[in-house]
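Attaching a single structure in structure tokens format; questions to follow.
The numbers here are math on the coordinates, done by the rules we state, and not lab data. All figures in this text were calculated on a predicted structure; none of them were measured in a lab. Cβ: placed from backbone, ideal geometry, glycine included. Neighbour counts: every protein chain shown.
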Amino acid sequence: MSAYVTNKTLIFRVKNKNDESSWNEFTENYRGYIHAVIRNMGVHQSEIEDLTQKTLLILWEKLPSFIYSSEKCKFRSWISKIIRNIVIKHFNKQKRIKNDVTRASLQSINNGDDEYLSPEIYKVAEKEWKYHIAKLAWENIRDEFGGKVIECFQLFMNGKNVDEVCDELDIKKNSAFVFRKRVQDRFSKEIRRLDYDLS
């Protein structure tokens, strides 16, 4: 992903259906999120990729007419509504049991506020969004730190205590805490930036 592209700018560029580079960037930013939400809506594993592709195709078709307004609706909420509608149609077509259809919610797509998302789907979408953003943030920043700094942070993230980290890396406690804070601060900043830019 480009370092500081804003969501508004990317949406404007991807409205041009012939801009393959922007579309590839858009897909890179959102495919994982779409895939995860579909998976958590109860779709069979063998059908998730197909529905992910269908979602991306519909987004490609609808984006040229999409009017971005962060005050009216978060962009990811609009995507979630499209995902939900695709999954509902899929469940209906496959004549799945009523619980599958209920899980996806029978509300129609609405370009308004988040209230139009069913509570269950909203919860799934929010959880997957946080995971997706954290993953993107980590990919963006991990190469900024080298050697023991990044190793230290990863050991803490893997549940090691400070004594174990210091023994494994042969560093002092104060260094371990400084290394962890440096990476944590940068990681948190990147999560906030991506959440703002891509929402």
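Taking Cα pairs under 8 Å and at least six residues apart, what relative contact order does segment 134-199 come out at, in percent?
43
List the pairs from K15/K189; K93/K127; K15/K123; K15/K81; K17/K127 whose alpha-carbon separation is above 25 Å, in the order I gave them.
As for pairs spanning more than 25 Å Cα to Cα, those are K15/K189; K93/K127; K15/K123; K17/K127.
With r as the distance between the Cβ atoms of S65 and V178 and R0 = 41 Å, compute the FRET efficiency 1/(1 + (r/R0)^6) and round to 0.05.
Once the sixth-power term is evaluated, E becomes 0.20.
Oh, and also: Working out 0.36 nm times the residue gap between I141 and K89, then minus their Cα-Cα distance, what length gain in nm do you get to one decimal?
This chain segment gains 14.8 nm when fully extended.
Run the simple label-point estimate for R13 and K127 please: 7 Å along Cα→C-beta, distance reported in nm.
The two pseudo-label positions are separated by 3.4 nm.
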